[in-house]
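Written below as structure tokens is the structure these notes are about.
The values are calculated or read from the model by the stated rules, or taken from the named source; none is laboratory data. Note that this is a predicted model, so its numbers are computed, not measured. Backbone-built Cβ (ideal geometry, glycine too); neighbour counts: all protein chains shown. Quick note on the areas: whole protein, heavy atoms, side chains included, nothing else; ligands and nucleic acids left out. Shrake-Rupley method; radii C 1.70, N 1.55, O 1.52, S 1.80 Å.
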Amino acid sequence: MCIASPQITDADELAEIFGVNVAYRDPLIIEFGLENALLGFGGTFVEFIAPLKDGTTATRFLAKHPGGGGYMVIHDTDEYEKIRERIDAQGVRVAFESTPELRGAENNQADYGYDSFRHVQLDPRSVGGTLMEFNQTDGNEDYFGAYAPAGTRWQELVQGDDLPKIVAAECTSTDPGAMATTWATLMDKPVESENGQAVINLDGGAVDRFVAGSANAFTRVFIEASDPEQVLERARAAGHEVAKSEFEFCGVRFVIVPRA
């Protein structure tokens, strides 16, 4: 999951609320005029990006969402080539793509884990209104396997059975059924129904959720925690209004669910 924020220090605040570490700050992202921070929720991540200059995609996004907002839903996959074929077959527009072949040997830094990394970002207008990414790093099949966007040593910072874990992302849409169908077809998975809402059950137990709304946006993240009330209390102490089991942070609703 990726959140755009006007200042990168928001990442540190959210890390404190959840009791997790900033697992990585990518030194290479500066070439896009951005800085970032990846928060490690076990083998799942919430990434923050903030612009360092005008004219970036994040700058344009923040012009519409000054307090920040859900910027992109990211899926790690071990079948990148098959998904890439489906993207073309469906006529989905590509916003950005980077692979070892496209980058060239001089830009595939093994020290940063990018020698095998490939990723594609899809135009929001083609996939229901939310920027969507698929990526793959060689050796990523294991839950704590390689993940180039988090560097090469992130596992040292996010191990532990008690860490919070992302279990769902939710998008609002003016046509949630169509959005769910588009995403599901790209992943070759069925659209299912859960409490009347369209969902896609992902490998590893996480879920993509789609609900009706007046706008198309990535709006909620569901985080599983061993002690939800402790997380919510830290959110209150940081000045965020808590309603039932959720609070808003940088334009995204964080829903805390008890660990199963």
| In terms of modelled amide H atoms, which long-range or inter-chain residues lie less than 5 Å from the amide H of Leu34? | Leu52
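What trypsin sites (Lys or Arg not before Pro) does the stretch 1-105 have in DSSP loop regions with at most 16 other beta carbons within 10 Å?
Values: sites: Arg25, Lys53, Arg60, Lys64, Lys82, Arg84, Arg86, Arg93, Arg103; in loops: Arg25, Lys53, Arg93.
When the trypsin sites (Lys or Arg not before Pro) of the stretch 1-105 are filtered for loop state and at most 16 Cβ neighbours within 10 Å, Arg25, Lys53, Arg93 remain.
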| What full-extension length gain, to one decimal in nm, is calculated for Asp54 and Val207 as 0.36 nm per residue of separation minus the Cα-Cα distance? | 51.6 nm
| task | Can you check what the net charge comes to around Arg60, using other residues whose Cβ is under 15 Å from the Cβ of Arg60 (Lys, Arg +1; Asp, Glu -1)? | result | +1
| task | Enter the accessible area per residue of the stretch 16-157 (Å², integer; probe 1.4 Å; all protein chains in place). | result | 47 Å²
| query | Rounded if a/c is under 1.5, else prolate if a/b beats b/c, else oblate: with a ≥ b ≥ c from the C-alpha gyration tensor eigenvalues square-rooted, which is the stretch 19-123? | reply | rounded
| task | Could you work out how far apart the two model spin labels at Asp161 and Asn195 are, taking each label as a point 7 Å from the Cα in the direction of the beta carbon, and quote it in nm? | result | 2.8 nm
| Using a ≥ b ≥ c from the Cα gyration tensor of the stretch 127-260 (square roots of the eigenvalues), is it rounded, prolate or oblate, where a/c under 1.5 gives rounded and otherwise the larger of a/b and b/c decides, a/b for prolate? | oblate
| Val257 accessible area, nearest 10 Å², 1.4 Å probe? | 40 Å²
| request: Could you work out which residue, out of Asp227, Asp78, Asp161, moves most in a Gaussian network model of the chain, that is, has the largest mean-square fluctuation with Cα springs under 10 Å? | output: Asp161
| query | When N is the residue count of the chain, what does its C-alpha Rg come to as a fraction of 2.2 N^0.38 Å? | reply | 0.96
| field | Structure-based [θ]222 nm, the chain - -39500 (n - 2.57) summed over DSSP H runs of at least 4, per residue, nearest 500 | value | -6000 deg cm²/dmol
| query | Just the accessible area for Thr57, please: 1.4 Å probe, Å², rounded to the nearest 10? | reply | 70 Å²
| field | Space enclosed by the convex hull of the alpha-carbon atoms of the stretch 183-258, per residue, Å³ | value | 120 Å³
| query | In the chain, what percentage of the DSSP-assigned beta bridges are antiparallel, given to the nearest 5? | reply | 70 percent
| Which of Val22, Val158, Val242 moves the most in a Gaussian network model of the chain with Cα springs under 10 Å? | Val242
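Magnitude of the Cβ-charge dipole of the stretch 125-257, K/R +1 and D/E -1, about the Cα centre, nearest 20 debye? Can you show the working numbers first?
Values: 10 positive and 21 negative charges, 102 e Å.
Computed charge dipole of the stretch 125-257: roughly 480 debye.
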| For the chain, what % of the accessible area comes from carbon and sulfur atoms, probe 1.4 Å? | 48 percent
| Dipole magnitude of the chain about its Cα centre (Cβ charges: Lys, Arg +1; Asp, Glu -1), debye to nearest 20 | 840 debye
| message | Only Cα pairs within less than 10 Å get springs; with that Gaussian network setup on the chain, which residue of Gly42, Gly177, Gly104 has the largest fluctuation? | response | Gly104
| task | Take the alpha-carbon centre of the stretch 1-42, take the same for the stretch 149-223, and report the distance between them in whole Å. | result | 19 Å
| Förster-model FRET efficiency, 30 Å R0, Lys244 and Phe144, C-beta, rounded to 0.05 | 0.40
